[in-house]
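Let me begin by presenting the structure, written as structure tokens, before commenting on it.
The values are calculated or read from the model by the stated rules, or taken from the named source; none is laboratory data. Everything numeric in this text was worked out from a predicted model, so none of it was measured. In this analysis, Cβ positions are derived from the backbone assuming ideal geometry, glycine residues included, and neighbour counts consider all displayed protein chains. Note: accessible area is taken over every heavy atom of the protein model, side chains too, but ligands, DNA and RNA are not part of it. Shrake-Rupley method; radii C 1.70, N 1.55, O 1.52, S 1.80 Å.
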Amino acid sequence: MRFYRALRFYRALLRLYPAGFRAEYGDELCRVFAERAALRSGPLAPFESALAALADVVPNALAVHAEILRQDVAYAVRSLRRTPGFALTAILVVALGVGANTAVFSLADFVLLRPLPFAEPGRLVKLWQATPAYSRNEVSPANLRNWREQSTSFSAMAATTLRSANLVGTGEPRELQVALATPELFGVLGVTPARGRVFTAEAEGEPSILLSDGLWRSQFGADPGVIGRVVRLNGVPHVVLGVMPRSFHYPHSTTEAWTPLLFREDDFQDRDNTYLEVVARLKPGVSPERARQDMARVSAQLERQYPVENEGLRAHVVGMRDDLARDSRLLVLALCGAALCILVLACANLASLFLARALHRAHELAVRAALGAGRERLARQLVTESLGLALAGGLAGVMLAAAGLPLLSQLVPDALPLAGHATLDLRVLGFACVLVLVTGFAFGLAPALRASRTSPIGALATGSRATRARTQRLRAALIVVEVAASVVLLVSSGLLIRAIVRLQAVDPGFETAHVIAVRTALPTNLYGVTQRRVAYYGRVLEAVRALPGVTHAAYVTGLPLAMRAGIWKATVAGEPPAQAGEDGVGMRYATAEYFATLGIPLRLGRDLAESDTRAARPVAVVSESFVRRHWPGQDPLGRTFRLADQEREVVGVVGDIRVRGLEQTSEPQVYLPPAQVADSSIIGYTPKELVVRTAGALDPMSLVPAIRRIVRAVDPEQPISRVRRLAAVLESETAPRVIQLRLLGAFALVALLVAGLGIHGLLTFTVSMRERELSIRRALGAGEGSIVGLVVREGLVLAGSGIAIGLGFGYGAARAMSALLAGVRPEDPLTLAAVMLLCLATATAGSLLPAWRAARIDPVVALRAE
């Protein structure tokens, strides 16, 4: 009994060998094992027999499989060498599918899904002041205090505001992006320093600073002894309290340091002074919807308490992860949809390639089956080929994704508080590779199974016409899928092209040629006195305007489009109260020659002048839209309005400019002379950008070294930063869309090309199947033109089916991304007509060569062969 148990165990182990090996050697191996087992005796004999069986079968079975794999790989390499076009095409198709999806979905994971580096990030929300006109305005300190006192949904609430500051005394003066943060910030986010400590609610004994990990490494050489060191920020000594973790970059990815934001009682007097970004942590068990209801109650109560300042103002509560610009999310999601289309296209085309190759090799498989090759042997051989091609394509796809990620990383918004860049996501890579491998496995295995079930004699005699017909129908369905996918991508790309063309045709209201901007943000503590700031501007501008080739130069609060400006209330005496948000204007301080430097047309009156000092009457230059709002059809010069608690006289009118982007009309703009602002009043709006226009062919960037010397001569501790052409600022408005368009366009052209090649291959196959039918048609008098028309019609029918399906899905995709289309309708007839014509032209081109071959068939030769 023990002997038979050992023999059954050995027979079970033999299943580790390939089936063909078992059929040939299994009985002999069992006989030898039985003879050896019979010689064993004693109580341990069964155990010894089992160990002997394992020691004999397992390594030998692995060796047999390895040898067969070696043979299969060698045969596959020889086979693919004879058809390099097929091999390269399959590898390229797989690489496109795997590479595109891995890169795009890795970006999507980084931007949309990756957990923020904070404790329980799902409980973090951002709070904004919302009016009927704008849903994301910064918050005033007064409203922040009331929100803290009256809300019941939050365990804590904190605020930040970004400022530039000059770091001096550690080498070259350097401008830093510093976040002024209320001490509650780090507790709200649940973040502790990597070194040292954070500042507390109690005022520090002296000014303090927290360093980002990047600043600590780049400026201080990762010195662990930096804690307690005194550094000069805007000339003021600050004690380094700590170094934040590498992953911490709140509120923006560009933040380099943090200093305390402590309010004085004066800060709570002006509810129109909005400059804070507010973050809060929900209490356990409180949902965002409940928080919105709570803040709606608080907002209504504050509107009753302050009916003038808080009229129509509501708190907008949004999850921190969701607080991305909608356009940024749509850009990424649109690319995800395109990548999925490419993956579907890759799988469909790979299946079509394997079907065509299997049909081409049907005779070879029939011969091998007739010579005794079993189902397992044929299956292993073909699966080895298909999986080898899929693996090679997957490896190429990984390299393609790694090369494309740096380009895609340009789509990551700066407002995302994440460090680093998107990296290859192994989950996405695994999904794409598995899908491609399954496709390769299934369509590589199917021909072998079919060959093993078909009579070799019948296959050799008839050529398996039924199999060919089934293959033709399946390939036709796959080509319809390919055409549909290409149509979806073409519609999306075409609409984006139309949107970008429309945006680029928008007049921003200023000229960008031959203009550069240089940022020189003056420290508040050193230049808090208006007279000192104005003297600095005057000395720099006088020297810059004297440079050869410079026609105009000026200082301004911030560049159009780059600085979208806060919203200030402007009121005209005697006018009825405005609806909420309808009295808001953008405000900038600008020196003389600003309008000439940027080419903003002066419609009426005069420019701002150096004589507009605090000793003179407060004046302003306003935009045309401001005049249309308050004095339509009237002469605005000499009229007055109130802004920032001061009555101002209109001395000039200039053209409107785009401030908040090219896609929406901006609020009216008001320009004020910097010499008329009170000391340390609304200091955040003091001029920071030096703009310079040059004449002729002189490149304005060539003036940067001279400008640097001028600034250093005026103030040796004043750095310059953010040197850029004004044209680059304008181009940045459409840059993410252009990157997306390039990717979508590349995907669409590849999809269209693959679909055209698929139609060509299918019709070539169809013509070869229908040689007898076409020969009879020719013999009965059909002309070459009718044969050509017959074949081309088949191609157009396939294309038409794919176009009809693709247009439906393309329209749905266009509706989903309508916010990116800048007013172009998803059913734009010009785009849809162009897509249909392009697809039909591609299908016709793919059909002509097979049609020409069909028309050239010699009926006598073809019928004789039959």
Does the range 783-790 include one or more residues that are modelled with pLDDT of 70 or more, outside any helix (DSSP H, G or I) and at negative phi?
yes
Verdict on VAL231 being open to solvent by less than 60 Å² (accessible area, probe 1.4 Å), in contact with a strand residue (DSSP E or B) (Cβ under 8 Å, 6 or more places away or on another chain) and in a strand (DSSP E or B)
yes
Take the range 809-866 and flag every residue that is touching a Lys or Arg at 6+ places or on another chain (Cβ under 7 Å), in a loop (DSSP other than H, G, I, E, B) and at pLDDT 80 or above.
VAL824, PRO826, ASP828
Residue among THR160, THR152 that is within 30 Å of GLY285 (Cα to Cα), of a type in the set (Val, Ile, Thr) and in a loop (DSSP other than H, G, I, E, B)
THR152
Leading residue by the ranking (surrounded by the fewest Cβ atoms within 10 Å (Cβ to Cβ)) among those in the range 607-618 that are out of contact with any Phe, Trp or Tyr (no Cβ under 7 Å at 6 or more places or on another chain) and closer than 18 Å to GLY538 by Cβ
ALA615
Boolean, ALA728 is under 33 Å from the mean Cα position of the chain (by Cα), touching a residue at least 40 places away in the same chain (Cβ under 8 Å) and surrounded by fewer than 17 Cβ atoms within 10 Å (Cβ to Cβ):
no
Have a look at ARG793, ARG778 and point out the one that is in contact with a Pro (Cβ under 8 Å, 6 or more places away or on another chain), over 19 Å from SER492 (Cα atoms) and either in a helix (DSSP H, G or I) or at pLDDT 75 or above (or both).
ARG778
Enumeration of residues in the range 255-292 that are touching a residue at least 40 places away in the same chain (Cβ under 8 Å), of a type in the set (S, T, N, Q) and assigned to a loop (DSSP other than H, G, I, E, B):
THR255, GLN269, ASN273, THR274
Residue pairs qualifying under the 7 Å Cβ cut-off, at least six apart or on distinct chains, with the first in the range 526-538 being closer than 23 Å to PRO237 by Cβ and the second being in a loop (DSSP other than H, G, I, E, B) and aliphatic (A, V, I, L, M), are ARG533/LEU522; TYR536/LEU522
Tally of residues being within 20 Å of ARG321 (Cα to Cα) and either surrounded by 23 or more Cβ atoms within 10 Å (Cβ to Cβ) or in contact with a His (Cβ under 8 Å, 6 or more places away or on another chain) (or both) across the range 238-248
1
One residue is enough: does the range 535-558 have a residue meeting the conditions part of a loop (DSSP other than H, G, I, E, B) and closer than 17 Å to ALA678 by Cα?
yes
Out of the residues in the range 467-504 that are open to solvent by 60 Å² or more (accessible area, probe 1.4 Å) and more than 39 Å from the chain's Cα centre (by Cα), state the one that is modelled with the highest pLDDT.
ARG470
Of the residues that make up the range 291-310, is at least one within 32 Å of the chain's Cα centre (by Cα), modelled with pLDDT of 90 or more, among the charged types (D, E, K, R) and more than 24 Å from ASP583 (Cβ to Cβ)?
yes
Exclusive hit being within 28 Å of the chain's Cα centre (by Cα), open to solvent by 20 Å² or more (accessible area, probe 1.4 Å) and of a type in the set (A, V, I, L, M, F, W, C), set LEU162, LEU180, LEU127:
LEU162
Just one of ARG297, ARG304 is open to solvent by 50 Å² or more (accessible area, probe 1.4 Å), in a helix (DSSP H, G or I), closer than 22 Å to MET157 by Cα and out of contact with any strand residue (DSSP E or B) (no Cβ under 8 Å at 6 or more places or on another chain); which is it?
ARG297
Complete set of residues in the range 93-119 that are in a helix (DSSP H, G or I), open to solvent by 10 Å² or more (accessible area, probe 1.4 Å) and of a type in the set (Phe, Trp, Tyr)
PHE105
Failed criterion for ALA222 (all others in (1) over 30 Å from PRO577 (Cβ atoms); (2) crowded, with 16+ Cβ neighbours inside 10 Å; (3) without any contact (Cβ under 8 Å) to a residue 40 or more places away in the chain hold)
(2)
